[in-house]
Amino acid sequence: MNIDNLNKQQKEAVELVGGPILIFAGAGSGKTRVLTHKIAYLVQEIGLPPENILAVTFTNKAADEMKQRVQKLLNMDVSSMSVGTFHSISARILRREIHALGYDNNFVIYDQDDSKALIKGVIRDMELDEKTFVPKSIQGHVSKYKNQMVDYEYLNKTATGYFDEKLSEIYMHYQRALQGNNALDFDDLLLKPLELFSEHPSRLEFYQEKFKYVLVDEYQDTNRPQFEFVHALSSKHRDICVVGDDDQSIYSWRGADVNNILNFSESFGDSNVIKLEQNYRSTQFILDCAWSVVSRNSSRAEKKLWTENEKGEKLSIIECRDERDESWKIIKIIRNESLNSNRSFDQIVILYRTNAQSRAIEDALRREAVPYQIIGGTKFYERKEIKDVLAYLRLIVNPNDGISFDRIINFPARGIGKTSVEKIHSLAKEKDCSYLNVISNPEGLDVGQKQKKSLKEFSDLILKFKNSYEKLDAATITTDLLLDINLKNYYENQNTVEAQDRWSNVEELLNSIVDFQDLKADNNLSDFLEEVSLLTDIDRWNEADKAVTLMTIHSAKGLEFPVVIMAGLEEGLFPLGGSSYELEDLEEERRLFYVALTRAEKKVYLSHANARRRFGGPPMPTIQSRFLHELPLEMLDQVENNQVNKIKSSFNEEKISIVPKIKSTANEFSIGDQIEHKLFGRGKILAIEGNGSAAKLTIQFSGNIRKKLIAKYANLTQLKT
DNA sequence: CTTAAATACTTTTTT
DNA sequence: AGTATTTAAG
């Protein structure tokens, strides 16, 4: 292994072994290189076996990349190394150990939706007013307390007033319900290992021996349970190395505590601190602008990034009329970058503060046929049709999962209404068993004959698959299941584009199950379910696609792009919030702005609109973000309203000019035709199955969207060239 | 119990 | 504006 290509501080960080190490790694300072080289160094020079290394990353994607890079450096198999997010590492441990805490090892992981549904049920059972105890907000409270490691007993003891008192009771019932369903929420995933360690010290010792060296990336965004986790694991050997940057701490709203990094030395005992301050990513101008903003924050660790890179281009400020104008100008910029600066679409990212901003931009990109990829928003695995199918699979793996049961007991409709469901619930409570158990023998249930028959069929279906799920692979089970419940017909009979869409999403789910199995032969259904619950948006991102990427700034953490376009620089939107800011909140917004700027290598555009619509209302006037005023004027290029056209004059607009539209009757399509769809915009017909108005058309739309639509429902407009 | 119509809600960021 | 949830009619 060669480390001569590292700078002095990087080398020091790699070679220093023994005792706690804190690496302050500024944006673009080569932190990933240091981490991968350090791991390789531990294996090759120190002789530590890969299975004794634990490396925690922020996304699963980062974990995979890290593993691959270490493998390449060492040219040996490192698959025994534990690399992953806190949540996935914990899930792996719990999969083996959680029976010691009174759960079953085949537990399911509840996402926010599931856990909200469970809380809603608890609130109803307690007969509380849902206006006072809004499930979503209660879930937020409970999650916050769990992140702070406050349990319901403590909350109950310290409660002042009716609300807190009831909150602690909901919290308690929720926690019991989770256990009854044999389910963990995201917060439990971090808390249960700590419970395991304190109740069974021998298990802690086991993992301390297993993970002799612990590395943590993005340490500034760890919360209390995560701190306790690494602290416990490393307290024996004291071999821990954390990497982070307090200026990039952007997750305090979900319990991350920047003091974890600021107080590292006190918490872990005498330690070495290394600062990586040379930036290899960005131009001088970008770095100076970023510094000019973030240095206004108080209570930062002392450090300053520098670079040997050229000054580069000034940052461009784009003034827009409203969000539609903004989208339009962004497209001009993209075309300009691609035609005149010869950049491919994948070198450009559009960043925004809130997911809702993506819609206007997306519409414009689609209209103008610019290929794009959106990260976030409604995630694939959170779509209703996907969750419905997953609920079946989850119930097969874990028959105690009441939330999944409720989701599918009448989907597709099988004549089980609200009253029947309530009767199932109360009988299950009475007999202290699962819902599935109740309906497997519906005789004791006070429901109609038709319902009894239907319930029995449902329970037989689930049990049939349950008996075979360990023998059969996940794809086979899913295929059989879809046939059994006849989901394809269900969607096709609706004869709408939306239903078509939903079915094609289900097909995509099936594909992803097949992909998952191909990756590792011994992966079963339960492993697949765990993986999808812990996937990040970024994990599904295909960098290789030649498309512009759209994402929130939070999602962009750790990434870099030649060109960054940041939209919506207005007070109230970025910085986000109402009229009064807590200073701390404002400082986090400022760090977020800093993160956004430092993603850029060459060029930054900052746009703001003079008016913006919210909730589909009329455009409301806005004022410029204060962050724009915190940048040094001499590094800015003000592009006045309507001047975007003049950025470079050779810009060629002809490509998207008006193509005459001719309404077409449905049966005259042929392969290769250009068409326009109301929702998906322009596209090209790739294939036709069947004929006449019932023909199924496979159409490639921009933004890497491919759809199968039925001619008579799709309402397509044919474009004649 | 199912379907259609009315109304409520969304926009903080995510594991 | 678009979607989800609740209520009313069949």
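Any read-out appearing in this document is the output of simple, stated calculations on the displayed coordinates, not a laboratory observation. Since the structure is predicted, the reported quantities are computational estimates derived from the model, not experimental observations. Heads up, the Cβs are rebuilt from the backbone with ideal geometry, glycines too, and the neighbour counts pull from every protein chain shown.
Packing, taken as the mean count of other beta carbons within 10 Å per residue, orders the peptides A:386-396, A:600-610, A:502-512 from highest to lowest as A:600-610, A:386-396, A:502-512. With a Förster radius of 35 Å applied to the C-beta separation of A:Asn263 and A:Thr132, the computed FRET efficiency comes to 0.35.
Dipole check for chain A: with +1 at the C-beta of Lys and Arg, -1 at the C-beta of Asp and Glu, and the Cα centre as origin, the magnitude is about 2060 Debye. Which stretch or stretches of the range A:196-227 have amide N atoms under 11 Å from the point lying 7 Å from A:His237's Cα along the Cα→Cβ direction? Residues A:207-215 qualify, since their backbone N sits under 11 Å from the label point. The slack between A:Glu543 and A:Asn437, meaning 0.36 nm per residue of separation minus the straight C-alpha distance, is 33.5 nm.
Across the range A:53-60, rounded Karplus estimates of 3J(HN,Hα) from the backbone phi angles (6.51 cos²θ - 1.76 cosθ + 1.60, θ = phi - 60°) give 10, 10, 10, 9, 10, 8, 9, 5 Hz, Gly and Pro being marked x.
For the pair the range A:446-467 and the range A:159-184, the centres of their Cα atoms are 32 angstrom apart.
For A:Met172, A:Met66, A:Met566, the sequence from fewest to most other C-beta atoms within 10 Å is A:Met172, A:Met66, A:Met566.
Remark: the range A:500-514, residue by residue, has Karplus-estimated 3J(HN,Hα) of 4, 4, 5, 5, 5, 5, 4, 4, 5, 4, 4, 4, 5, 5, 4 Hz, where x stands for each Gly or Pro and the curve is 6.51 cos²θ - 1.76 cosθ + 1.60 at θ = phi - 60°.
Suppose the chain between A:Asp125 and A:His554 were pulled fully straight at 0.36 nm per residue; how much longer would it get relative to their current alpha carbon spacing?
Details: separation 429, 0.36 × 429 = 154.44 nm, distance 3.71 nm.
Computed gain between A:Asp125 and A:His554 is 150.7 nm.
Each residue, A:Asn467 and A:Lys384, gets one label point 7 Å from its Cα in the Cβ direction; the gap between the two is 3.5 nm. Taking every alpha-carbon pair under 8 Å whose residues sit at least 6 apart, chain A reaches a relative contact order of 16 percent. Here the dipole of the range A:384-505 is about 240 debye; that uses its Cα centre as origin and unit charges on the Cβ of Lys and Arg (positive) and Asp and Glu (negative). Please compare each pair in A:Lys431/A:Lys456; A:Lys31/A:Lys603; A:Lys329/A:Lys379; A:Lys67/A:Lys210 to a cut-off of 25 Å on the Cα-Cα distance and tell me which ones are over it. Result: A:Lys329/A:Lys379 exceed 25 Å. The modelled label-to-label distance between A:Lys453 and A:Gln674, using points 7 Å beyond Cα along the C-beta direction, is 5.7 nm.
Legend: calculated FRET efficiency, A:Arg296 to A:His200, from the Cβ-Cβ distance at R0 = 41 Å, rounded to 0.05, equals 0.30. If a spin label sat at a point 7 angstrom from the Cα of A:Ala100 along the line to its beta carbon, the backbone N atoms of the range A:223-244 nearer than 14 Å would be those of A:233.
Size of the dipole of the range A:340-423 about the Cα centre, Lys and Arg at +1 and Asp and Glu at -1 on the beta carbon, nothing else charged, in debye to 20?
On the way: 14 positive and 10 negative charges, 28 e Å.
Using Cβ point charges on Lys, Arg, Asp and Glu, the range A:340-423 gives about 140 debye.
As a rough guide to protection, the peptides A:127-135, A:548-556 ranked by mean Cβ packing within 10 Å, highest first, stand as A:548-556, A:127-135.
Could you sort the peptides A:402-408, A:261-267 by per-residue average Cβ neighbour count (10 Å cutoff), highest mean leading?
On the way: A:402-408: 22.6, A:261-267: 15.9.
Top of the packing list down: A:402-408, A:261-267.
Averaging the Cα positions of each part gives two centres, and for the range A:304-329 and the range A:474-504 these lie 46 Å apart. With Cα atoms defining each centre, the range A:8-45 and the range A:53-101 are spaced 18 Å apart in the structure. Working from Cα pairs under 8 Å separated by at least six residues, relative contact order for the range A:1-154 is 14 percent. Each of A:Ser338, A:Ile688, A:Thr622 was scored by the projection of its Cα onto the charge dipole of chain A, and the greatest displacement toward the positive side belongs to A:Ile688; charges sit on the C-beta of Lys, Arg, Asp and Glu.
Can you check what the net charge comes to around A:Ala40, using other residues whose Cβ is under 11 Å from the Cβ of A:Ala40 (Lys, Arg +1; Asp, Glu -1)? Don't skip to the answer; put the middle values down first.
Working: positive: A:Arg33, A:Lys38, A:Arg69, A:Lys72; negative: A:Glu45.
Charge balance near A:Ala40 sits at +3.
Using a cut-off of under 18 Å, list every residue of the range A:188-212 whose amide N is near the label point 7 Å from the Cα of A:Gln148 along the Cα-to-beta-carbon line. Inside the label zone: A:188, A:191. Between A:Met172 and A:Glu65, the simple label model (points 7 Å from Cα in the Cβ direction) yields a spacing of 4.7 nm.
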